[in-house]
Amino acid sequence: HPPYVTPGGGCTQNCSDLRQWLELHNRGAAPVNVAGWSLSKGVTFGLPLTPPVDIPAAVAAIRDTTYDTRVFTLLPHVAGYPFAPGRHCLVAVGLNRPRPFSFSSSPLQQPGFEMAIKRAGVLTEQLFRLRVGDTITISRPLSSRFSLAPGERHLAMVAGGTGITPFMSIIRDAVWRK
């Protein structure tokens with residue numbers, strides 16, 4: 001592509017081509033956090049702010065619930081890990097790209113928390129190889145908190161597959177609060 005050309009300024013390279021891409025090459029050995037970076041001059045694009053996945057968490061228990069789903073009990077190595085029903089966090093094992101997983105336990109079920117995880121990809125394969133005592137890394141809790149109105153008696157929730165996981169957390173929290 002030619003040097004910078006203003007939008008609508010005579011570019012002959014079909015600038016609206018959706019297959020165009022930009023590659024950032026890190027020449028160093030250490031990872032670079034590009035969260036929050038943005039591009040300018042003819043293009044408007046911001047990279048999402050991804051929270052750091054830097055909280056160590058020990059695997060305290062592993063329980064098979066189906067042939068392809070396990071419940072992991074994790075103990076974060078920080079005091080007062082503040083998760084709430086319906087939330088999730090990013091999980092990483094080794095150098096794999098972090099992926100979001102929902103909490104399936106109530107915050108009142110201490111210590112730590114549970115996550116029900118279905119085997120479905122590279123990261124989950126690594127999670128399924130973990131043993132009690134191993135350590136993974138997690139982010140702080142993410143997303144808005146789902147909450148039930150005090151005294152709520154009738155509730156309908158609809159989910160498919162592992163989409164039920166945040167509902168498990170909400171229901172368990174309601175039961176623990178009774």
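The values are calculated or read from the model by the stated rules, or taken from the named source; none is laboratory data. Only a predicted model underlies this, so the values are computations on that prediction, with no experimental measurement involved. Here the Cβ is made from the backbone with ideal geometry for all residues, glycine too, and neighbour counts use every protein chain on show. The area values use the complete protein model at the heavy-atom level, side chains included, leaving out ligands, DNA and RNA. Shrake-Rupley method; radii C 1.70, N 1.55, O 1.52, S 1.80 Å.
Which pairs do you get when a residue that is more than 18 Å from Gly161 (Cβ to Cβ), found in segment 62-87, comes within reach of a residue that is open to solvent by less than 20 Å² (accessible area, probe 1.4 Å) and among the β-branched types (Val, Ile, Thr), reach meaning Cβ atoms under 6 angstrom, with the pair 6+ apart or on two chains?
Arg63/Val71; Pro85/Ile170
Considering segment 58-69 alone, what residues qualify as being open to solvent by 30 Å² or more (accessible area, probe 1.4 Å) and either of a type in the set (Asp, Glu) or closer than 19 Å to Pro111 by Cβ (or both)?
Ala60, Ala61, Ile62, Arg63, Asp64
Every residue, every condition in (1) outside any strand (DSSP E or B); (2) exposed (fewer than 11 other Cβ atoms within 10 Å of the Cβ), yes or no:
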site	(1), (2)
Val53	yes, no
Pro56	no, no
Gly94	yes, yes
Gln109	yes, no
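Quick one: Gly161 ticks every box in (1) closer than 20 Å to Pro52 by Cα; (2) open to solvent by 30 Å² or more (accessible area, probe 1.4 Å) except a single one, so which number is it?
Only one criterion in (1) closer than 20 Å to Pro52 by Cα; (2) open to solvent by 30 Å² or more (accessible area, probe 1.4 Å) is unmet by Gly161, namely (1).
Would you mind telling me which numbered condition in (1) at pLDDT 95 or above; (2) in contact with a Ser or Thr (Cβ under 8 Å, 6 or more places away or on another chain); (3) crowded, with 20+ Cβ neighbours inside 10 Å; (4) not small (Gly, Ala, Ser) Met115 fails?
(1)
Please determine, by comparing only the residues of segment 70-92 that are of a type in the set (Gly, Ala, Ser) and surrounded by 12 or more Cβ atoms within 10 Å (Cβ to Cβ), which one is farthest from Ser169 (Cα to Cα).
Among those that are of a type in the set (Gly, Ala, Ser) and surrounded by 12 or more Cβ atoms within 10 Å (Cβ to Cβ), it is Ala92.
What pairs come up if the first residue lies in segment 119-140 and is over 12 Å from Gly94 (Cβ atoms) and in a strand (DSSP E or B), the second is open to solvent by less than 80 Å² (accessible area, probe 1.4 Å) and hydroxyl-bearing (Ser, Thr, Tyr), and their beta carbons are under 8 Å apart, counting only those six or more places apart or on different chains?
Listed pairs, sorted by first residue: none to list.
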